[in-house]
């Protein structure tokens, strides 16, 4: 089963996972991990920690990060660069996380990464313009 790892600034990852659990009515199972990136984080040291976690993912992993170009994404890309079955998707939103929770048991890591990205993009809507 594909592991889902949330890597974000501050405690956003944990809060996103807690919020998703409220929506689906139960906590996510043990196939999830969160990493909080703080202002004192060293990209190399945090990447090494993350890489250790990734090595324990025989079916691959999808890492969801909050913003492209930020420390969380840089750490994730550094940790996963030698792991072909690991995919980093940025721009984390709740829709992406719910897709990950609901689809990770049915898809490969690559398929899941594509579905998460597509669903995340579809969730971005200018609701005001939609109603006009």
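The values are calculated or read from the model by the stated rules, or taken from the named source; none is laboratory data. What you are looking at is a predicted structure, and each value in this text was computed from that prediction instead of being measured. Cβ atoms come from the backbone with ideal geometry, glycine included; neighbour counts cover every protein chain shown.
Going through (1) part of a helix (DSSP H, G or I); (2) more than 14 Å from the chain's Cα centre (by Cα); (3) more than 21 Å from residue 9 (Cα to Cα) one by one, residue 48 falls short only on (3).
Within region 102-120, track down each residue that is surrounded by fewer than 13 Cβ atoms within 10 Å (Cβ to Cβ) and closer than 19 Å to residue 66 by Cβ. Hit for region 102-120 is 118, nothing else.
If you filter region 1-27 down to residues that are out of contact with any helix residue (DSSP H, G or I) (no Cβ under 8 Å at 6 or more places or on another chain) and within 17 Å of residue 72 (Cα to Cα), you find that the one that is surrounded by the most Cβ atoms within 10 Å (Cβ to Cβ) is 13. Note on region 28-42: residues that are in contact (Cβ under 8 Å) with a residue 12 or more places away in the chain and not in a strand (DSSP E or B) amount to 4. Remark: pairs (first residue in region 5-22, on the phi < 0 side of the Ramachandran plot and touching a residue at least 40 places away in the same chain (Cβ under 8 Å); second residue assigned to a helix (DSSP H, G or I) and surrounded by 23 or more Cβ atoms within 10 Å (Cβ to Cβ); Cβ separation under 6 Å; 6+ apart in sequence or on different chains) = 6/13; 7/72; 7/76; 8/72; 9/72; 16/97; 20/97.
Within region 71-113, the set of residues being part of a loop (DSSP other than H, G, I, E, B), farther than 20 Å from residue 45 by Cα and in contact with a helix residue (DSSP H, G or I) (Cβ under 7 Å, 6 or more places away or on another chain) comprises 85, 91, 92, 93, 104, 107. Filtering 72, 53 for residues that are touching a strand residue (DSSP E or B) at 6+ places or on another chain (Cβ under 8 Å), within 21 Å of residue 14 (Cβ to Cβ) and either modelled with pLDDT under 90 or surrounded by fewer than 20 Cβ atoms within 10 Å (Cβ to Cβ) (or both) leaves a single hit, 53.
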